[in-house]
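Asker: The structure under discussion is supplied below as structure tokens; questions concerning it will follow.
The values are calculated or read from the model by the stated rules, or taken from the named source; none is laboratory data. Predicted model only: the values in this text are computed from it and were never measured. Here Cβ is always computed from backbone atoms with ideal geometry, including for glycine, and neighbour counts include all displayed protein chains. What goes into the accessible areas is simple: the full protein's heavy atoms, side chains included, and nothing from ligands, DNA or RNA. Shrake-Rupley method; radii C 1.70, N 1.55, O 1.52, S 1.80 Å.
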Amino acid sequence: MPSRTLPPPPPPVYLRTWPDRQTLLTDRGMALQELHKRHLGVSRLLLLWLCGLGGVIGWALLIQPIRYIDDKDPSAFLLGPVLIILGLAALVPATIGVVLGIRHDRRLRQLADAWLSLDSHPTSDARLRSPGLSLVWLLSSLAVCTLGLWTSFSAAAYAEPGHETYSDVVLGMGAGLLIWLTGLLGAAKAVSHYRWALRKLGPALPAPATAHS
């Protein structure tokens, strides 16, 4: 299958031309594995983090003019509009990337459900559970959430009386919120995959006991 295109949905009943069940299961397995890789692959996790990083950079650029104003720096009138444009150029694409990623995941899940409904093959379908990969998504996302909360609470400490760097507080709390949201999206995806696997594939069956002579 082409690496940049999604597997097509299964053909309607009146157009299905599989000669036997084994051929159907082969095509079904290939489509499901490709969809699974597109949905839960490590590259998707890195892409989510990249969007989060873009959002943090955009937010930092947007806050920079406020810092110039706090410092009474006359260059704010010259650099402020440029920094705002650069900040939006980083923040807006990152936001759009997250939204498109959510829509893409929904489309992947619809295609997977359509292929699953063709037949049942528990042996090959068990690989779609990917408990290890789901755990990587969950634990790493929880770590990102923790980093975001720590960043926000650390920035809030600057709001105590005697501190005048309010732009730093806004920068830190906004960046922490974006980091926390990035981790939350990843954790939600891991939980969603677990619930989908439990609903569509059923509970994991224990491995058969090995007979001893």
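Asker: Along the charge dipole of the chain, which of Leu88, Gly174, Leu35 sits closest to the positive end, that is, farthest toward it, with unit charges on the beta carbon of Lys, Arg, Asp and Glu (+1, +1, -1, -1)?
Answerer: Leu35
Asker: OK, next. As a check on your grasp of the helix formula, calculate [θ] at 222 nm for the chain: sum -39500 (n - 2.57) over DSSP H runs of n ≥ 4, divide by the residue count, round to the nearest 500.
Answerer: Working: 6 runs with 156 residues, N = 213.
Mean residue ellipticity at 222 nm (helix-derived): -26000 deg cm²/dmol.
Asker: Cα-based Rg of the stretch 1-119 per 2.2 N^0.38 Å, rounded to two decimals?
Answerer: 1.69
Asker: Where the convex hull is taken over the Cα atoms of the stretch 96-189, what is its projected area averaged over directions, in nm²? Present the calculation step by step, with values, prior to reporting the outcome.
Answerer: Working: hull surface 29.4 nm².
Reported value for the Cα convex hull: 7.4 nm².
Asker: Assigning unit charges at the beta carbon (Lys, Arg +1; Asp, Glu -1) and nothing else, what dipole magnitude in debye, to the nearest 20, does the chain show about its Cα centre? Mind dumping the intermediate values first?
Answerer: Numbers: 19 positive and 13 negative charges, 224 e Å.
Computed charge dipole of the chain: roughly 1080 debye.
Asker: Might you tell me the accessible area per residue for the chain, computed with a 1.4 Å probe and given in Å²?
Answerer: Details: 13360 Å² over 213 residues.
Computed with neighbouring chains in place, this is 63 Å² per residue.
Asker: Count charges around Pro10 for me, please; just the other residues with Cβ under 13 Å from its Cβ, Lys/Arg as +1, Asp/Glu as -1. Please report the intermediate quantities before stating the final value.
Answerer: Details: positive: Arg16, Arg28; negative: Asp27, Asp113, Asp119.
Local charge sum for Pro10: -1.
Asker: Now for a different question. For the chain, take the convex hull of the Cα atoms, compute a quarter of its surface area, and give me that in nm², please. Spell out each step's value before the answer.
Answerer: Details: hull surface 72.1 nm².
Orientation-averaged projected area of the Cα hull: 18.0 nm².
Asker: Between the stretch 50-129 and the stretch 1-47, what is the separation of their alpha carbon centroids in Å?
Answerer: What the calculation gives is 27 Å, centre to centre.
Asker: Another question about this same structure. Residue farthest toward the positive end of the dipole of the chain, with Cβ of Lys/Arg at +1 and Asp/Glu at -1: which of Ala187, Thr123, Thr151?
Answerer: Comparing the listed Cα positions along the dipole, Thr123 ranks first.
Asker: Where Lys and Arg each count +1 and Asp and Glu each count -1, what net charge lies around Leu24 among other residues with Cβ under 10 Å from its Cβ?
Answerer: Details: positive: Arg16, Arg21, Arg28; negative: Asp20, Asp27, Asp119.
With Lys, Arg at +1 and Asp, Glu at -1, the net is 0.
Asker: Could you work out the Kirkwood radius for the stretch 50-158, taking every pair of different alpha carbons, averaging 1/r and inverting it, reported in Å?
Answerer: Numbers: mean 1/r = 0.0563 Å⁻¹.
Kirkwood hydrodynamic radius for the stretch 50-158: 17.8 Å.
Asker: Carbon-plus-sulfur fraction of the accessible area of the chain, 1.4 Å probe, in percent?
Answerer: Numbers: 9330 of 13360 Å².
Carbon plus sulfur share of accessible area: 70 percent.
Asker: With no solvent and one equal point scatterer per Cα, compute the Debye intensity ratio I(q)/I(0) for the stretch 14-67 at 0.21, 0.23, 0.26 Å⁻¹ and report its log10, rounded to two decimals.
Answerer: Reported log10 I(q)/I(0), two decimals: -0.82, -0.87, -0.95.
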